[in-house]
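In what follows, a structure is listed as structure tokens, so that the remarks can point back to it.
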Amino acid sequence: MNKTLEIGKINTLEIDRITDPGLYLVCEEGEEDVLLPNAYVTDEMKLGDEIKVFIYTDSEDRLIATTLKPKAMLDEFAYMEVVDVASFGAFLDWGLPKDLFVPRSFQKIKLEVGMKFVFRVCLDEETGRLIGAHKFKKFIRNDIEELEVNQQVHIIIREKTPLGFKVIVNNLYEAMIYHNEIFEDIWIGQKKIAYVKNIRSDRKLDISLQPIGKSNADTASSRIEKILKENGGNLEFNYKSSPSAIKDRFGLSKKNYKRALTSLIEDEIIIVNESGMCLKD
């Protein structure tokens with residue numbers, strides 16, 4: 001149970017009292033309460049129960065609770081669409097009844113209805129409201145000492161460039177995945193597990209969608225074996241298969257594919273010949 005109410009986050013709160021507008025919830029310290037409107041109240045909710053709710057502000061800037069979960073919480077990133085604009089800012093669909101406001105000062109370009117970008121959810125210190133930020137460079141950290149090569153991270157694909165895709169790592173860092181190292185379909189707004197490939201001297205990060213080194217080969221071998229099993233144990237693929245066919249079928253580079261085949265053969269898992277490959281009995 002939360003000691004205090006935390007805006008922009010999932011809170012575990014106790015049902016304190018029932019009123020006409022809905023349930024009032026309290027935190028452990030009990031000095032603050034928040035309304036859960038009737039729209040989110042279920043018959044299973046009883047006095048004294050602890051429930052999980054998301055806390056944000058209503059149209060009058062009062063704290064309000066919901067059992068819905070937004071596309072992104074405080075200090076997180078998500079791919080969101082602009083659904084309304086005004087002279088003072090724009091509004092995003094973030095999965096809640098009240099749209100997320102993006103002030104003009106937090107817009108990288110002038111936003112228009114229908115535009116979709118990766119935005120960050122921030123707390124406006126002046127108003128105490130949650131806002132969206134398309135211009136979020138000041139929130140990106142460069143203290144990358146806690147990261148190490150081959151560390152598993154969470155990413156969201158942010159933007160496509162001539163070199164590759166810019167991504168946000170662990171909601172904290174910016175990084176790049178290069179086009180020639182991508183062997184699967186990815187898209188803007190997609191969230192994935194990835195790996196730190198390189199920590200550069202300029203304190204920038206390169207990211208890989210596959211583990212680095214031996215674990216990369218192990219992952220490729222497992223993928224090939226899994227796809228073989230899903231296809232009855234036989235496939236018309238061997239060492240001579242084209243890079244494009246390998247990429248389409250297995251999501252691997254030809255180098256990693258050939259290394260994985262060799263590993264599977266040495267482990268006596270598959271047989272590869274002129275006609276293709278098959279699982280060994």
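The values are calculated or read from the model by the stated rules, or taken from the named source; none is laboratory data. Only a predicted model underlies this, so the values are computations on that prediction, with no experimental measurement involved. Quick reminder, even Gly has a Cβ in these numbers, built from the backbone with ideal geometry, and neighbours come from all protein chains shown.
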Which listed residue, of LEU261, LEU205, is surrounded by 17 or more Cβ atoms within 10 Å (Cβ to Cβ), farther than 30 Å from ARG120 by Cβ and either touching a residue at least 12 places away in the same chain (Cβ under 8 Å) or not basic (Lys, Arg) (or both): LEU261
Hits in the stretch 177-190 - residues which are surrounded by 12 or more Cβ atoms within 10 Å (Cβ to Cβ), at pLDDT 95 or above and either within 15 Å of LYS137 (Cα to Cα) or within 13 Å of the chain's Cα centre (by Cα) (or both): ILE188, GLY189, GLN190
Single residue of the stretch 191-201 satisfying the filter (under 20 Å from SER253 (Cβ atoms) and surrounded by 13 or more Cβ atoms within 10 Å (Cβ to Cβ)) that is nearest to the chain's Cα centre (by Cα): LYS192
The stretch 1-57 - residue that is without any contact (Cβ under 8 Å) to a residue 24 or more places away in the chain, part of a strand (DSSP E or B) and not aliphatic (A, V, I, L, M) and, of those, nearest to GLU125 (Cα to Cα): ASP33
Test for LYS255: is it surrounded by fewer than 17 Cβ atoms within 10 Å (Cβ to Cβ), over 22 Å from LEU163 (Cα atoms) and not assigned by TED's automatic domain parsing to the domain that holds VAL153: no
Residue that is nearest to the chain's Cα centre (by Cα), among those in the stretch 67-101 that are outside any loop (DSSP other than H, G, I, E, B) and β-branched (Val, Ile, Thr): VAL82
Wholly enclosed strands (runs of 3 or more DSSP E) of the stretch 140-222 bearing at least 3 residues of a type outside the set (D, E, K, R) and closer than 29 Å to ILE269 by Cβ: 191-199
Answer from VAL169, VAL149, VAL153 - the residue that is buried (at least 18 other Cβ atoms within 10 Å of the Cβ) and under 21 Å from LEU252 (Cα atoms): VAL153
Single residue of SER222, SER215 found to be modelled with pLDDT under 85, loosely packed, with under 14 Cβ neighbours inside 10 Å and of a type in the set (S, T, N, Q): SER215
Pairs, first at positive phi in the stretch 146-157, second assigned to a loop (DSSP other than H, G, I, E, B), C-beta under 6 Å, six or more apart: ASN150/ILE212
